[in-house]
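One structure below.
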Amino acid sequence: MVFAEQWVASGLAALGVAMMPLWAALFAGLWGQWPNRREWGGIALGLVGVLLLNLNADLHGNVWGAIFLLGAPMCWALGSVWSHRLTLPPGPMSSAAEMVVGGAVLLGIAGLVGEHLPATLPGIRPLGALIYLVVFGSIIAFSAYGYLLRHARPTVATSYAYANPVVAVALGAALAGEAVTPLTLLAMAVILVAVALVTLKPAAVKQATQD
């Protein structure tokens, strides 16, 4: 996805990531674990919400960007569903092994195409951002995702792809003063309803409807 974003707009990248729960549902179906009608409805509604959220965004891109944009969520979804049927290292070591292998592969590719580390040390802000991503974006987030994959249905574990844009919009408004339009609020409401449909148990959905 990072590779694809060199050629595609961030709005298009967000739509590509939002396809991941749909791919996960299809791959889970190949192993006989098809989503129920409520989960299908949540997946469809989540896609609509993300589309509304990026309705005014620049959706330009090129062929190579589109290819990697489609391949990234497909591979992530397949790996997420397949992990249920693989013998993985216990606890955080599972996430650590994934990141070590992934980092080694990317480091090898970077070396082959002539990329190199900067000659000077990064400043305080880039270093702080890197530390934040290591701690919260990798150690905590990957461990939480691995736990979900082991204890929840694939549609529930991958529903974070819908919640991410809502969190990003909220942080943008709170920390960067970004404008929140009525369309943005509508999109966020649609996404939150979609996540509720996917994650809540049927009994909870029925009770909420009655209330």
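The values are calculated or read from the model by the stated rules, or taken from the named source; none is laboratory data. Predicted, not measured: the structure shown is a model, and the values here were computed from it. A quick note on method: Cβ atoms are made from the backbone with ideal geometry, for glycine too, and the neighbour counts reach across all protein chains shown. We work out accessible area using only protein heavy atoms, side chains counted, and drop any ligands, DNA or RNA first. Shrake-Rupley method; radii C 1.70, N 1.55, O 1.52, S 1.80 Å.
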Exercise. Just order 171-183, 39-51 by mean Cβ neighbour count inside 10 Å, highest at the front, would you?
Key: 39-51, 171-183
Quiz prompt | Portion, in percent, of the accessible area of the chain that falls on carbon or sulfur, probe 1.4 Å | solution = 73
Exercise. Quote to one decimal, in nm, the extra length available between L175 and M99 on full extension: 0.36 nm per residue of separation minus the C-alpha distance between them.
Key: 24.4 nm
Self-check item: Cα gyration tensor shape of region 78-175, rounded if a/c is under 1.5, else prolate or oblate by comparing a/b with b/c
Solution: oblate
Quiz item: Taking 0.36 nm per residue of separation and subtracting the Cα-Cα distance, what length does fully extending V2 through T120 add?
Solution: 40.2 nm
Quiz item: To one decimal place, what Kirkwood hydrodynamic radius in Å is obtained for region 86-136 from all pairs of distinct Cα atoms?
Solution: 13.3
Quiz item: How much area per residue is accessible in region 94-155 when the probe is 1.4 Å and only protein heavy atoms are counted (Å²)?
Solution: 76
Quiz item: By accessible area of protein heavy atoms, probe 1.4 Å, what ranking do W31, W76 get, highest first?
Solution: W31, W76
Exercise. Using a 1.4 Å probe and counting only protein heavy atoms, arrange R38, R125 so the residue with the most accessible area comes first.
Key: R125, R38
Exercise. Give me the accessible area of I191, 1.4 Å probe, in Å² rounded to the nearest 10.
Key: 0
Exercise. Could you grab the Rg to Rh ratio for the chain? Cα atoms only, Kirkwood for Rh.
Key: 0.98
Quiz item: In nanometres, what is the gap between the two model label sites at L192 and A168, each 7 Å from Cα along Cα-to-Cβ?
Solution: 1.9
